[in-house]
Amino acid sequence: MRAISVAEEAALLRFARTLTLGDVHSAEDLVQEALLRAWRHADRLISTQGLARPWLFTVVRRLAIDGFRARHARPVERCPTELDVEVVPDVGEHTLTAHVLKEAMAELSPYHREVLVHRYYLDRSIEDTAAELKLPIGTVKSRTSHALRALRQALMSQGIHAG
């Protein structure tokens, strides 16, 4: 079998690109596989004059069809982040967190504990907390800041570190 000419190889590659919808890499893979098969069947292709070119085009077409069928026969692969997985809350983790937080809150002064309960547990704004506790807004802000710092220290004393 004579070597395939540059013009024939270019024509084969153009044909493969049409079958792969312009995907150059897939087209090159098809042509490479077709040429490999031609090399394996060189004895048959040499014995019949003019058979190599149509045979190569047929092999490329069949490889493209096989690839298409294979891609559509199996399910699409998805990344774990793409999966529609319903997250089930861990009740044990929630219970442990609540217990640790309750112990840390017990170490706080009543003023600090009170302002944190209003701000974060009851989800009140600074203004609403100030009105409810009958305190100036500045006092609520500073108590919140001091209370969070004290809570952080209490958690760290229990071995809980931020991060």
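The values are calculated or read from the model by the stated rules, or taken from the named source; none is laboratory data. On a predicted model such as this, the values are computed, not experimentally measured, just so you know. Here Cβ is always computed from backbone atoms with ideal geometry, including for glycine, and neighbour counts include all displayed protein chains.
The rows are residues; the columns are (1) at pLDDT 95 or above; (2) within 42 Å of the chain's Cα centre (by Cα); (3) among the hydroxyl-bearing types (S, T, Y); (4) over 23 Å from A106 (Cβ atoms).
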{"residue": "V117", "(1), (2), (3), (4)": "no, yes, no, no"}
{"residue": "L122", "(1), (2), (3), (4)": "no, yes, no, no"}
{"residue": "E132", "(1), (2), (3), (4)": "no, no, no, no"}
{"residue": "H146", "(1), (2), (3), (4)": "yes, yes, no, no"}
{"residue": "M156", "(1), (2), (3), (4)": "no, yes, no, no"}
{"residue": "I160", "(1), (2), (3), (4)": "no, yes, no, no"}
* Asked: For the range 132-157, which residues satisfy the criterion of being of a type in the set (G, A, S) and exposed (fewer than 14 other Cβ atoms within 10 Å of the Cβ)?
  -> G138, S142, S145, S157
* Does D90 satisfy the condition of being under 30 Å from A150 (Cβ atoms), charged (D, E, K, R) and at pLDDT below 80? -> yes
* Structure fact -> Filter the range 37-63 for residues that are surrounded by fewer than 14 Cβ atoms within 10 Å (Cβ to Cβ) and of a type in the set (V, I, T); the one that is modelled with the lowest pLDDT is T48
* Structure fact -> Of the residues in the range 1-34, those that are at pLDDT below 90, part of a helix (DSSP H, G or I) and surrounded by 14 or more Cβ atoms within 10 Å (Cβ to Cβ) number 2
* Structure fact -> The correct count of residues that are among the aliphatic types (A, V, I, L, M), surrounded by 12 or more Cβ atoms within 10 Å (Cβ to Cβ) and without any contact (Cβ under 8 Å) to a residue 24 or more places away in the chain in the range 102-129 is 2
